[in-house]
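Report on the following structure.
The values are calculated or read from the model by the stated rules, or taken from the named source; none is laboratory data. No experiment lies behind these values; they were computed from the predicted model shown. Virtual Cβ from ideal backbone geometry, glycine too; neighbours counted across all protein chains shown.
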Amino acid sequence: MSEDKLKSLLEQVKYPGFNKDVVAFGLIQNVKESGKSVELGVKFSSEKEEVRQEILSNIEKALRGGGYEEVSIEIVQASAQPAPGTETPEAPPSIPGVKYTIAVASGKGGVGKSTVAANLAAALRKQGHSVGILDLDVFGPSLPITMGVHEVPKVLEGNKLEPVRKFDMSLMSLGFLLTDSSPVIWRGAMVSKMVTQFLFDVNWGNLDYLILDLPPGTGDVQLTLVQRVALTGAVIVTTPQDLALKDVERGANMFEKVDTPVLGIIENMSYHVCTNCGHVSQIFSTGGGDKESTRLNVPLLAKIPLNEEIMKAGENGEPLVIHLPESEAAQMFRDVADKLHELVS
Ligand SMILES: Nc1ncnc2c1ncn2[C@@H]1O[C@H](COP(=O)(O)OP(=O)(O)O)[C@@H](O)[C@H]1O
Ligand SMILES: [Mg+2]
């Protein structure tokens, strides 16, 4: 049998809960095939036992179904950190002490990127992870509003900035450093310097997750970011109606060029549930998120409804996940956090 056939069989095996397959996830290694027998390794990191078993049995089923009679699968345990000296020399550094750095990006503004970033961070914190949020939207910083922070960060020795603590998370935003009246006229060079400083000159301490709230699009900030720091992955937020735009794809391409996986898409303001009668209305076109996630071959992590509580919570400085933790929408953000953690760990 051919390698192409083998690959297409393996590509039928989706990672549980996602519509991306195990090949695209980089799980398959050391493939040796001859005639009707095949040997391969499956690289796991910290998947739950039932997820492992499901993946292994689905791989075996697909291969046997495709005509392989002898199937031998070996589990390869991925090490969390690359061994010292094995990193590629041109790869940018990671932030010391930070385990996972996740960028939240979007093609355009106003799609709810900051809202998603804040709720996702809060959901990860609720799961027991230590979490920081860096607001890199230099033109429209939103952490002061979404988290209700009006404190000015302390400057420490060696010109390091101490992040502001709120809701048991570490926060930094240009909005903390500017007064309402100061003009935000940043030129490319200044922007890139500021991004680098916010990544490396903030006393982040030990964090499991640093969530980066990016400005919309693929401008200077995003380019500096992907060149200066090793990102674990990116999450792209979109609304159903701008899926037709090329922006989402452009964003995904930017991350892929620097080998940063796009972990998934979140469709926000996806539909509306009437607070009186519970009627679900599809106010925008539907199915866009599914289409886009299939086209980019990345999971659709959630469809978050247009919801007054989400908006009010954000504008009152307390993300919904903290303000109304038992609400349905808060639960959706928690599910996204679970999926993400599963993906990166
Ligand atoms: N799911 C949602 N339901 C209702 N309002 C939302 C939702 N997501 C975001 N918003 C509101 O939409 C506006 C824009 O959201 P924001 O997160 O600031 O977008 P971005 O960061 O992409 O510019 C804010 O007023 C926010 O409260
Ligand atoms: Mg924003």
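Quick rundown of the values:
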read-out	value
Residue check, Thr224 modelled with pLDDT under 90, assigned to a helix (DSSP H, G or I) and of a type in the set (Ser, Thr, Tyr)	yes
Residues satisfying the stated conditions in the range 134-169, i.e. more than 16 Å from ligand 2 (Cβ to nearest atom), free of Cβ contacts under 8 Å to residues at least 60 places away in the same chain, surrounded by fewer than 21 Cβ atoms within 10 Å (Cβ to Cβ) and not aliphatic (A, V, I, L, M)	His150, Glu151, Pro153, Lys154, Glu157, Gly158, Asn159, Lys160, Glu162, Arg165, Lys166, Asp168
Pairs with Cβ under 7 Å, 6+ apart, first in the range 266-280 and in the same structural domain as Gly110 (by TED's automatic domain parsing) and touching a residue at least 40 places away in the same chain (Cβ under 8 Å), second among the β-branched types (Val, Ile, Thr) and assigned to a loop (DSSP other than H, G, I, E, B)	Asn268/Val111; Asn268/Thr239; Met269/Thr239
Any chance Glu318 is more than 15 Å from ligand 1 (Cβ to nearest atom), more than 23 Å from Gly26 (Cβ to Cβ), modelled with pLDDT of 90 or more and out of contact with any Leu (no Cβ under 7 Å at 6 or more places or on another chain)	no
Flag if Ile310 is among the aliphatic types (A, V, I, L, M) and within 16 Å of ligand 2 (Cβ to nearest atom)	yes
Cross-chain or 6+ apart pairs with Cβ under 6 Å, the range 300-327 first and in contact (Cβ under 8 Å) with a residue 24 or more places away in the chain, then more than 16 Å from ligand 2 (Cβ to nearest atom) and among the basic types (Lys, Arg)	Leu301/Lys339
Residue match in the range 95-109 (condition: at pLDDT below 90 and surrounded by fewer than 22 Cβ atoms within 10 Å (Cβ to Cβ))	yes
Any hit, the range 20-43, residues being without any contact (Cβ under 8 Å) to a residue 60 or more places away in the chain and touching a Ser or Thr at 6+ places or on another chain (Cβ under 7 Å)	yes
In the range 300-315, the residues that are more than 22 Å from Asn276 (Cβ to Cβ) and more than 6 Å from ligand 1 (Cβ to nearest atom)	Leu300, Leu301, Ala302
Residue count for the range 323-335, restricted to those that are crowded, with 21+ Cβ neighbours inside 10 Å and more than 12 Å from ligand 1 (Cβ to nearest atom)	0
Unique match (being crowded, with 21+ Cβ neighbours inside 10 Å and under 25 Å from Arg165 (Cβ atoms)) among Gly251, Gly264, Gly314, Gly289	Gly314
Failed criterion for His129 (all others in (1) part of a loop (DSSP other than H, G, I, E, B); (2) within 11 Å of ligand 1 (Cβ to nearest atom) hold)	(2)
Condition check for Phe255: part of a helix (DSSP H, G or I) and either of a type in the set (A, V, I, L, M, F, W, C) or at pLDDT 90 or above (or both)	yes
Some residue of the range 319-327 being polar (S, T, N, Q) and either in a helix (DSSP H, G or I) or farther than 15 Å from Thr239 by Cα (or both)	yes
Any chance Val336 is away from ligand 2 (no atom under 16 Å from the Cβ) and out of contact with any Phe, Trp or Tyr (no Cβ under 8 Å at 6 or more places or on another chain)	yes
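Residues are listed down the side, and each one gets a yes or a no for (1) outside the structural domain of Ile266 (by TED's automatic domain parsing); (2) modelled with pLDDT of 90 or more; (3) over 24 Å from Asp259 (Cβ atoms); (4) of a type in the set (Gly, Ala, Ser):
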| residue | (1), (2), (3), (4) |
| --- | --- |
| Val13 | yes, yes, no, no |
| Gly41 | yes, yes, no, yes |
| Glu47 | yes, no, no, no |
| Gln53 | yes, yes, yes, no |
| Arg64 | yes, yes, yes, no |
| Ile73 | yes, yes, yes, no |
| Thr86 | yes, no, no, no |
